[in-house]
Amino acid sequence: MIAALAAGQHGVVARGQLLRAGVTLDAIDYRVRTGRLETLHRGVYRVGPLKGRLEREMAAVLACGETVVLSHRSAAMAWRLLPYRDDGRPVDVSVRRGCPDPGPGVRVHRIPRLEADETTVHEGIPVTTPARTLLDLVGDSREHEVEQALAGAYRNRLTNPRELKRLLARHAGRRGTRTLRLLLGRGTGPAFTRSEAESQFLALVRRAEIPAPETNVVLSGFEVDFHWPEARLVVEVDGFAFHASRHAFERDRRRDAVLAAAGYRVIRVTWRELTARSEALLVRLARALTPPTGR
């Protein structure tokens, strides 16, 4: 019975759940002493040796009681809006009232307002909705990171501009809402990039007011970093750790050849060009995007 309960909760159970299911205090304490239940927080245990993907998040919610939800950065990772990193940061949870101090490993956000339509259950964990998660995330994250999360939410159809604007109107004046409004106000929408080099390139393009490209789209069977459809121009950004092997170098040259054969022009941008020769890079890009003049 204990194993079945844990199987639906990423491998963890709470002491109160076990008591309500009929497990005696002596039985619980015996299993803790013998290592069959491993204490994660006060009254929260891992069942067995295997660690579930969202074990820390489930355990934090259970440690805080029934009124708490996963939120902020932790919710963004659970929704896969941000890459999952088990880097030792406390798990973020939000609660309006209650929740005694759960101890280390959990950061409790005590919030004045959290409506019923701003929470849901995802993979068995009470959590803020994607839209509310973005609103919370924007208050303590860098803009390009929020943009990545927003683009991921759009790509996976987890939210939409109408829902976000309605949420912004409800929580007008909250810290960070201006950044989210600016991202929503861009005519091209948020851009999805996966590396620091790609993010820097996109920021450079925007500062120069060059027409916005499509990002991370598939052409001729390959996913490319940036694409200007009218110019049939592709830009691939090689990060500072790029081309670590001869195989990678040759693979990318084959890829460029296939794209060229399909009628695309391919420009590769190095980390050095991006960081030390940005003005020359912009000139090169502007020329590539300028249509040829007839004689």
**Message:** Looking for something surrounded by 12 or more Cβ atoms within 10 Å (Cβ to Cβ), among the hydrophobic types (A, V, I, L, M, F, W, C) and free of Cβ contacts under 8 Å to residues at least 40 places away in the same chain - is there at least one such residue anywhere in the range 164-172?
**Reply:** yes
**Request:** Please specify each residue of the range 194-211 satisfying the condition of being outside any helix (DSSP H, G or I) and either of a type in the set (S, T, N, Q) or closer than 22 Å to Pro291 by Cα (or both).
**Result:** Ser195, Ala208, Glu209, Ile210, Pro211
**Request:** Filter the range 212-236 for residues that are part of a loop (DSSP other than H, G, I, E, B) and modelled with pLDDT under 90 and give the result.
**Result:** Ala212, Gly221
**Request:** Take the range 238-264 and flag every residue that is modelled with pLDDT under 90 and among the hydrophobic types (A, V, I, L, M, F, W, C).
**Result:** Phe240, Ala241, Phe242, Ala244, Ala248, Phe249
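Residues to consider are Gly11, Gly88; find the one that is farther than 30 Å from Glu196 by Cβ and either assigned by TED's automatic domain parsing to the domain that holds Ser141 or touching a residue at least 40 places away in the same chain (Cβ under 8 Å) (or both).
Working: Gly88 fails: farther than 30 Å from Glu196 by Cβ.
Of Gly11, Gly88, the one residue that is farther than 30 Å from Glu196 by Cβ and either assigned by TED's automatic domain parsing to the domain that holds Ser141 or touching a residue at least 40 places away in the same chain (Cβ under 8 Å) (or both) is Gly11.
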**Item:** Single unsatisfied condition, Gly103 versus (1) surrounded by fewer than 19 Cβ atoms within 10 Å (Cβ to Cβ); (2) within 21 Å of the chain's Cα centre (by Cα)
**Value:** (2)
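Residues checked against (1) in a loop (DSSP other than H, G, I, E, B); (2) among the polar types (S, T, N, Q); (3) modelled with pLDDT under 85:
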{"residue": "Leu134", "(1), (2), (3)": "no, no, no"}
{"residue": "Ser141", "(1), (2), (3)": "yes, yes, yes"}
{"residue": "Glu145", "(1), (2), (3)": "no, no, yes"}
{"residue": "Leu150", "(1), (2), (3)": "no, no, no"}
{"residue": "Arg157", "(1), (2), (3)": "yes, no, no"}
{"residue": "Ala169", "(1), (2), (3)": "no, no, no"}
{"residue": "Arg174", "(1), (2), (3)": "yes, no, yes"}
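The values are calculated or read from the model by the stated rules, or taken from the named source; none is laboratory data. Owing to the predicted nature of the structure, the values given are computational and were not obtained by experimental measurement. Reconstructed Cβ throughout: ideal geometry from the backbone, glycine too, with neighbour counts over all protein chains shown.
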